[in-house]
Amino acid sequence: MRRTLVLATVVLAALGIAPAAHATRSLDVVALGDSYASGTGAGAYHDGTAGNCWRSANSYGELVAARLRSQHRLASFTNATCSGAATADLARPFKDRPAQLDSLRPGTDLVLLTVGTNDIDYSSCGSLCVQADCTGAPTAGILAKLPAMGQNVTALIREIHVRSPYARVVVVGHGRQVSTSDNPDGATLDPICGDGVLTTAERREGNQVADGIDGTLRSAVAAARGVNVQYVSPFAQPGVPRPAFEGHALCEAGTPFLRGFDALAPGQEGPEAVFHLNQDGQAALAALVRV
């Protein structure tokens with residue numbers, strides 16, 4: 001099929017005819033990864049996934065697939081993401097579901113991937129920040145795990161390439177969860193921003209971890225030489241959010257892109273969704289993925 005399309009393009013060019021826009025080849029797309037990839041916190045969960053993998057129809061992967069579908073550029077889409085998955089979990093059955101990597105095929109064209117934070121137990125650090133004090137040793141412990149996380153992600157990218165050698169891999173980052181300073185005056189904020197919950201020191205050190213995760217993923221992608229891989233991040237550069245994400249972390253003045261204590265209300269997802277992107281946040285992430 002690929003050879004036929006290339007030959008047709010060459011013939012059309014020789015005849016001076018530009019290929020029609022709708023002739024663009026449709027893509028086989030696979031979404032892999034953890035809770036940020038599955039859309040935990042974004043609502044509209046697929047049947048049978050609430051309470052376990054939390055696969056949301058509002059996740060960035062689903063939105064990218066919907067955009068391709070509307071452009072008549074989507075051949076197939078497989079959402080294999082699952083909340084709680086670490087890099088190693090993608091190669092084995094997890095939460096009674098098949099290994100995520102088994103969704104890949106030799107003809108897969110595009111792989112969307114967000115993973116790594118469960119390798120360093122980032123969610124537990126967030127819980128500690130809310131319930132007690134995560135400054136000092138807990139933050140240092142998380143930062144010390146980043147090099148191994150980076151090696152794991154690079155190895156995973158290479159394994160994806162082995163299974164789908166023609167695929168473009170897009171690694172999507174996590175961004176910033178909370179503000180770097182005290183609450184802005186006069187803003188209506190989630191209760192997680194209340195007095196005695198997240199101190200200024202905890203916000204500062206928490207963002208050291210967020211920056212470290214971003215830098216580690218950048219390095220992990222760069223280390224996967226020989227693979228068609230790209231890193232897409234809510235950060236324009238280390239420590240500096242893109243304009244679309246500026247002011248939208250928890251405890252900032254803009255409309256939040258993340259779930260806070262609102263996720264603990266009756267009928268909501270519970271603790272798993274705290275510090276995770278909401279529907280608006282996932283949409284902003286999807287807009288960064290250009291295919």
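The values are calculated or read from the model by the stated rules, or taken from the named source; none is laboratory data. Nothing here was measured: the structure is a model prediction, and the numbers come from that model. All Cβ positions, glycine included, derive from the backbone under ideal geometry; neighbour counts span all protein chains shown.
Search the stretch 175-192 for residues that are on the phi > 0 side of the Ramachandran plot and pair each with any residue that is of a type in the set (Ser, Thr, Tyr) when their beta-carbon atoms are under 6 Å apart and the residues are at least 6 apart or on different chains.
none
If you check every pair at least six apart or on different chains, which have Cβ atoms under 8 Å apart with a residue in the stretch 254-277 that is without any contact (Cβ under 8 Å) to a residue 60 or more places away in the chain first and a residue that is surrounded by fewer than 17 Cβ atoms within 10 Å (Cβ to Cβ) and in a loop (DSSP other than H, G, I, E, B) second?
What qualifies is Gly254/Glu246; Gly254/Gly247; Leu264/Gly270.
Within 26 Å of Ser38 (Cβ to Cβ), basic (Lys, Arg), in a loop (DSSP other than H, G, I, E, B) and at pLDDT 95 or above - does that describe any residue in the stretch 208-221?
For the stretch 208-221, residues within 26 Å of Ser38 (Cβ to Cβ), basic (Lys, Arg), in a loop (DSSP other than H, G, I, E, B) and at pLDDT 95 or above: absent.
Out of Thr24, Thr87, report the one residue that is surrounded by fewer than 16 Cβ atoms within 10 Å (Cβ to Cβ) and among the β-branched types (Val, Ile, Thr). Don't jump to the end; show me each part of the working.
Details: Thr87 fails: surrounded by fewer than 16 Cβ atoms within 10 Å (Cβ to Cβ).
On inspection, the qualifying residue turns out to be Thr24.
Test each condition in (1) part of a loop (DSSP other than H, G, I, E, B); (2) within 30 Å of Tyr166 (Cα to Cα) for Ala287 and report the one that comes out false.
Every listed condition holds for Ala287 apart from (1).
Show me the helices (runs of 4 or more DSSP H) found entirely inside the stretch 82-164 where at least 2 residues are touching a strand residue (DSSP E or B) at 6+ places or on another chain (Cβ under 8 Å) and in contact (Cβ under 8 Å) with a residue 40 or more places away in the chain.
Values: elements: 122-131, 137-144, 146-163.
Ranges flagged: 146-163.
Does Ala253 satisfy the criteria of being assigned to a loop (DSSP other than H, G, I, E, B) and among the aliphatic types (A, V, I, L, M)? Lay out the reasoning, then the answer.
Values: assigned to a loop (DSSP other than H, G, I, E, B): yes; among the aliphatic types (A, V, I, L, M): yes.
For Ala253, the condition - assigned to a loop (DSSP other than H, G, I, E, B) and among the aliphatic types (A, V, I, L, M) - is met.
For Val274, are the conditions met, namely being within 16 Å of the chain's Cα centre (by Cα), at pLDDT 95 or above and either charged (D, E, K, R) or more than 24 Å from Val64 (Cβ to Cβ) (or both)? Reasoning before the result, please.
Details: within 16 Å of the chain's Cα centre (by Cα): yes; at pLDDT 95 or above: yes; either charged (D, E, K, R) or more than 24 Å from Val64 (Cβ to Cβ) (or both): yes.
Considered against the rule, which asks whether it is within 16 Å of the chain's Cα centre (by Cα), at pLDDT 95 or above and either charged (D, E, K, R) or more than 24 Å from Val64 (Cβ to Cβ) (or both), Val274 comes out as yes.
Suppose we filter the stretch 6-65 for residues that are at pLDDT 95 or above and outside any strand (DSSP E or B); how many remain?
First, the residues of the stretch 6-65 that are at pLDDT 95 or above: 26-65.
Add one more test, that the residue is outside any strand (DSSP E or B), and what stays is 26, 34-44, 46-55, 57-65.
Total meeting the criteria: 31.
Name every residue in the stretch 256-278 that is assigned to a helix (DSSP H, G or I) and crowded, with 18+ Cβ neighbours inside 10 Å, in order of residue number.
Ala263, Glu272, Ala273
Within the stretch 236-245, does at least one residue satisfy the condition of being under 19 Å from Ser127 (Cβ atoms) and touching a His at 6+ places or on another chain (Cβ under 9 Å)?
The initial filter retains those residues of the stretch 236-245 that are under 19 Å from Ser127 (Cβ atoms), namely none.
No - not one qualifying residue is present in the stretch 236-245.
Checking the structure you have, find out if any residue of the stretch 242-259 is of a type in the set (Gly, Ala, Ser) and under 23 Å from Ala86 (Cα atoms). Before the answer, list the steps.
Residues of the stretch 242-259 that are of a type in the set (Gly, Ala, Ser), as a first pass: 244, 247, 249, 253-254.
Okay, now just the ones that are also under 23 Å from Ala86 (Cα atoms), so none.
Scanning the stretch 242-259, I find no residue that is of a type in the set (Gly, Ala, Ser) and under 23 Å from Ala86 (Cα atoms), so the answer is no.
Within the stretch 198-214, can one find any residue that is free of Cβ contacts under 8 Å to residues at least 12 places away in the same chain and among the aliphatic types (A, V, I, L, M)? Give the steps one after another, and end with the answer.
To start, the set of residues in the stretch 198-214 that are free of Cβ contacts under 8 Å to residues at least 12 places away in the same chain comprises none.
No, the conditions are met nowhere in the stretch 198-214.
Look at Val130 and say whether it is buried (at least 23 other Cβ atoms within 10 Å of the Cβ) and among the aliphatic types (A, V, I, L, M).
Values: buried (at least 23 other Cβ atoms within 10 Å of the Cβ): no; among the aliphatic types (A, V, I, L, M): yes.
No: the conditions fail for Val130.
Scan the stretch 168-198 residue by residue and report those that are touching a helix residue (DSSP H, G or I) at 6+ places or on another chain (Cβ under 8 Å), assigned to a loop (DSSP other than H, G, I, E, B), surrounded by 16 or more Cβ atoms within 10 Å (Cβ to Cβ) and of a type outside the set (S, T, N, Q). Walk me through it before giving the result.
Of the stretch 168-198, the ones touching a helix residue (DSSP H, G or I) at 6+ places or on another chain (Cβ under 8 Å) are 169, 171-183, 190-192, 197-198.
When the remaining residues are screened for being assigned to a loop (DSSP other than H, G, I, E, B), the result is 173-177, 179-183, 190, 197-198.
The next check asks that each one be surrounded by 16 or more Cβ atoms within 10 Å (Cβ to Cβ); those that pass are 173-177, 179-180, 183, 190, 197-198.
Correct list: Gly173, His174, Gly175, Arg176, Asp190, Val197, Leu198.
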